[in-house]
Amino acid sequence: MGEGLSIKQFVTEVKKGNISVLEHTEKILSEAEQSNSQYHYFNLIAREAALKQAGEVEASIKTGRNKGMLPGVPLSVKDCICVQGIESRAGSKILSGYEPLFDATVIERARAEGAIIIGKTSQDEFGFGTFNTNVGIGFEIPKNPHDIKRCCGGSSGGSAGFTALTKLTHASIGESTGGSIACPASFCGVVGLTPTYGRVSRYGLIDYANSLDKIGSMGKTVEDAALLLEVIAGYDSNDSTSLKQEKDDFSKIEPSKLKIGIVKELFENCDAPVKKECMNAIKKLGAKTQEISLPLNAKYGIAAYYIISTSEASTNLARYCGMRYGLHEKLEGNFNEYFSKVRSNGFNKEAKRRILLGTFARMAGFRDAYYLRAMKARTRLIREFKEAFSKVDVLANPTMPIVAPTFEAIEKLTPLQQYAMDLCTVPANLAGMPHISVPVAMQGKAPVGLMLTADHLQEKKMIQAALAVESACK
Amino acid sequence: MEKNGIVIGLECHIQLNTDSKLFCGCRTQAEEPNSSCCPICLGHPGSKPVLNAKALNYALQVALALNCEVNKEFFFSRKTYFYPDMSKDFQITQYEIPVGVKGHVALSNGKRIGITRVHLEEDPAALVHEAGLGASNFSLVDYNRSGIPLVEVVTEPDLSSPQEARDFLDQLTTILSYLKVYSPSSGTLKADCNVSVYGNARVEVKNVTGKRGVEKALEFEVARQKNLLLNEREVVRETRSFDEKSMTTKATRGKETEEDYGYIFEPDLTAIRLSTAEIKKMKQRLPELHAAKSKRFMQEFNLDEYTANVLARNFTLGLLFEEIAKQVEPMIAAKFLTRELMAVVNRSGLDLNALDLSADEIASLLSLLLDRRVTEKAAKEAIIAYLTKGEKPTQFIERQGLAMDLQERDIEKAVEKVLAENKKAVADLKTGNKKSLNFLVGQVMHLTKAKAEPRLVQKIIAEKIKG
Ligand SMILES: [Zn+2]
């Protein structure tokens, strides 16, 4: 029942009464539970709450009251997004026991359309990673659904992994700071859509780097991802950086061949097979193309990104000190000693590294050279993008320079080499440009994703192009 | 160097009297500890701040009233440090570009004090030490205060005595009260006081509460530093705290170096942009402030400087005066308000703003007094009853039967005439000479053609002499 259906098809069947929401929810919860011991996609499976919600949706369908866009559609949610009453830890031990008093705006909107929240997905601790291997203390690392020796990519690894694994209708709400939706989508072979910064409210998002964080959608198809974006997007007065935009019908967009810019530097630095598959996909599309050069983004993107993101992250993480929520320790010593104990025990290695890096970058004496300079660089890099969009509609590049690496290979990488893997995803994220990763081919057991980037608020163009790529690569 | 060699600069933090907090909808006034807080002011993960437009408007008014240049674009910053009263372990404040810069305020003697900057920020929570600081091995935290809007006003080091610092704070709080952005009864004022003497090291006395506290802390600190120098000892650059009980300052343990707050732009809030026209409009809408009003009172009503200042210092009093002055002789109104009315206010510790007094009522009472239909004593009683019990003066006079009939007024006039013409007898009477009383009564009887009742004449003379 319900296998292989798109969200739109599923919703039609549900409304006709051909699919029982309760049964479908039960089925996907069981799959999540059963697969978790091997794949570890979920930090928490919200069985009870999901079934309660499913019961309510089912009842409203039977009485014909349900007018929602997503009745009964199971959604998994990245752990860093607050769900009321459901432990939300952002993948960190330090948030053990934190049950938000409120739903994130995206959750509220999804629920209002009848979606069922089935659980919180695995991520790198606070989003600090590219392979979802930097999980918090006591958390499991998710395994790639195509090959368990490989990683899922991060940081929204659990969301991508489960979306790829399940045959049931399902989508996921992810979050990207520097590529955390596109990367795992590419490694797991699903669609990962990151909107323009400010398009989707961040209210209820446990922050990594507020000026970069974007909540987005992940689905099996471009249409699924676009539909979920349509539900969660829109102005929210609770988020001061939310953009005042008319609601768009992202789910009704038709494929279109637009002028594609091929980003020279981002192709150059990729593994040859990845480069080849991505070029093939663009060829199959048969669209007009033009080579675009983004030298500044390629040269300074990663440096600026890591300085800004760690600076902001180190302030965001200051509040985790064992006083009001999350991890507590035995009260001993003065407050400084107590805070240090909680933080020493609660954060894993990469979180500590980024706190140190970020604190350093904003310290008096270094602030001008690092933090402020990176902020200025960001403005320049955005300008470079804007110039490119005066020539083409969307930009294309491989989402990741490699296919999903094995855990063995990852262990050999230094932190700096790991950061360098974000080369292709970081520029669009730093500039706040909407981008989407679409699976275009398999490299053996590992999927390859093509990333399409559009100008600010040009999600429509991005989705048009993505639909065209998707159908060309079927 | 100032002439006495004392250099003082203040960083004042004043709570603005908005209804809700700076970044959330929680009420600023609450009795029960931790009864006015929410995920935002508690810093819960996932919550986000939204700027209170009223608080921003208040801060802009303060900057303009302090003659600052208002920035056309400014933003908030994060000041990060760990402390148990901080809900996020960073404070949302302003750093690079505050609301306003380069202002000035005049002290009561006319001396101009430079204002370095005016900015808006959030108050941390309050730490409660149930058994007193030091005595208890734990602290409680009350988050009702967390997120209350504060305006920070930083002065140039232009103040040259603790008294000038006090005067500055008086001027500042008067301006804030005039703008109706500050309630002296419920809003707290705290200041970090920087002080150095004879060009020696600068000492910062942190977090002193109240205007009197600032004056006392500075007095102690100046004396302490002068003493050190007299004994040929060095003043060390340090941060000290002020103990209100002993009225002394002491060195705070630990950090001697400047703290590094690692400021970054607050990424959850957007920059605020204002046009020149908007700023100009706001400036035009500012009310007349007390210095200007005092000058106007002197010119318009021919008042002396002291009286004009007292009237203008309190916004409500000034307003009351102007209304009453339309109906009765301004000089009389001014004297009555500054002496009789304010005496009752100060003695009974009343808040004039909360009393909601009617200018018409007070004017009616003053008219009765001027027509000699009530005695000064009766008028005083009536104003006490009005201020403390809310009974209207005219009602009070009637209920108590204090209105004199026509005859009484004539007698009173006669008494005044006789007393004025017989200074010697009056002086004698004051020393207890009974014969003088009889003499004076006789004179009044003569003047009123024996129509007055002698016992009443005696009573009025006694009242007048007592004053
Ligand atoms: Zn609140």
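Each of A:VAL200, A:ASN43, A:ILE292 was placed along the dipole of chain A (beta-carbon charges, centred on the mean Cα), and the one lying farthest toward the positive end is A:ILE292. Computed with every protein chain present, the accessible area of A:LYS412 is close to 150 Å² [probe 1.4 Å]. Ballpark to the nearest 100 Å², how much total accessible area do B and A bury together, probe 1.4 Å? Its buried surface, counting both partners, is about 3000 Å². Counting only residues at least eight positions apart within a chain, or on another chain, the aspartates and glutamates with an alpha carbon under 14 Å from that of A:LYS93 are A:ASP79, A:ASP124, A:GLU125, A:GLU140, A:GLU329, A:GLU350. Shown are A:ARG367, A:ARG380, A:ARG353, whose ranking by accessible area with a 1.4 Å probe and every protein chain present, most to least, is A:ARG380, A:ARG353, A:ARG367. Ordering A:149-160, A:26-37, B:420-431 by mean Cβ neighbour count within 10 Å, with the highest value first, yields A:149-160, A:26-37, B:420-431.
Selection among B:LEU341, B:GLN395, B:LEU319 by position relative to the dipole of region B:290-400 gives B:LEU341 as farthest towards the positive end (Cβ unit charges, Cα centre). Taking only Cα atoms, what is the 0 to 90° angle, nearest 10, from helix B:211-230's long axis to the longest principal axis of chain B? Roughly 70 degrees between the two axes.
Positive-end ranking of A:LEU457, A:ASN429, A:VAL342 along the dipole of the protein assembly as shown, with charges on Cβ about the Cα centre, is headed by A:LEU457. Computed with a 1.4 Å probe over protein heavy atoms only, the accessible surface of chain A comes to 36 Å² per residue. Annotation: the antiparallel percentage among DSSP beta bridges lying fully within chain B is about 95.
Take each residue of peptide A:355-363, count the partner chain Cβ atoms within 10 Å of its Cβ, and average: the result is 2. Between the C-alpha center of region B:1-80 and that of region A:120-179 there is a gap of 41 Å. Remark: region A:330-474 carries a charge dipole of roughly 420 debye about the Cα centre, counting +1 on each Lys and Arg Cβ and -1 on each Asp and Glu Cβ.
With viscosity set to 0.890 mPa s and temperature to 25 °C, compute the Stokes-Einstein D of chain B, Rh being the Kirkwood radius across alpha carbon pairs; µm²/s, no decimals. Answer, rounded: 94 µm²/s. Could you state the number of Å between the C-alpha centres of region B:376-453 and region A:31-70? Cα centroid to Cα centroid, the span is 91 Å. Using only Cα atoms and rounding to the nearest 10 degrees, what angle (0 to 90) does helix B:359-370 make with the longest principal axis of chain B? Helix B:359-370 sits at roughly 30 degrees to that axis. Legend: mean number of C-beta atoms from other chains within 10 angstrom of residue C-beta atoms, peptide A:369-380, equals 1.
Mind checking region B:1-58 for trypsin sites (Lys or Arg not before Pro) that DSSP puts in a loop (not H, G, I, E or B) and that have at most 14 other Cβ atoms within 10 Å? Answer in residue order: B:LYS3.
Taken residue by residue and averaged, Cβ atoms of other chains lying within 10 Å of the Cβ of B:266-272 number 5. Listed by chain and number, the aspartates and glutamates placed with their C-alpha closer than 20 angstrom to that of B:LYS424 are B:GLU412, B:GLU416, B:GLU463; residues fewer than eight positions away on the same chain are left out.
Measure off, as a whole percent, the carbon and sulfur share of the 1.4 Å-probe accessible area of the protein assembly as shown, all protein chains present. Taking all protein chains in place, the protein assembly as shown shows 51 percent carbon and sulfur surface.
Measuring heavy-atom accessible area with a 1.4 angstrom probe and counting protein chains only, the residues of region A:225-247 that give up at least 50 Å² relative to the chain alone are A:SER240. Computed with a 1.4 Å probe on the full set of protein chains, the accessible area for A:HIS328 sits at about 100 Å².
The angle separating the long axis of helix B:376-389 from the principal Cα axis of greatest extent in chain B is about 40 degrees. Looking at chain A alone, DSSP beta bridges between its own residues are antiparallel in about 70 percent of cases. Here the translational diffusion coefficient of the protein assembly as shown follows from Stokes-Einstein with Rh set to the Kirkwood radius across Cα pairs; for 37 °C and 0.692 mPa s it amounts to 101 µm²/s. The rule of thumb for compact globular proteins, 2.2 N^0.38 Å, goes into the C-alpha radius of gyration of region B:290-400 1.01 times. Distance from the C-alpha centroid of region A:231-303 to that of region B:150-211: 55 Å, rounded to the whole angstrom.
Relative to the current alpha-carbon distance between A:GLU26 and A:GLU411, full extension at 0.36 nm per residue lengthens the span by 134.8 nm. Maximal additional length on extending the B:THR252-B:ALA462 stretch stands at 69.3 nm, based on 0.36 nm per residue less the C-alpha distance. Put simply, region B:6-280 fits an ellipsoid with semi-axes of 30, 24, 17 Å; these come from the alpha carbon gyration tensor as the roots of five times its eigenvalues, largest first.
The values are calculated or read from the model by the stated rules, or taken from the named source; none is laboratory data. None of these values were measured; they are calculated from a predicted model. Quick reminder, even Gly has a Cβ in these numbers, built from the backbone with ideal geometry, and neighbours come from all protein chains shown. Accessible surface areas use protein heavy atoms only, side chains included; no ligands, DNA or RNA. Shrake-Rupley method; radii C 1.70, N 1.55, O 1.52, S 1.80 Å.
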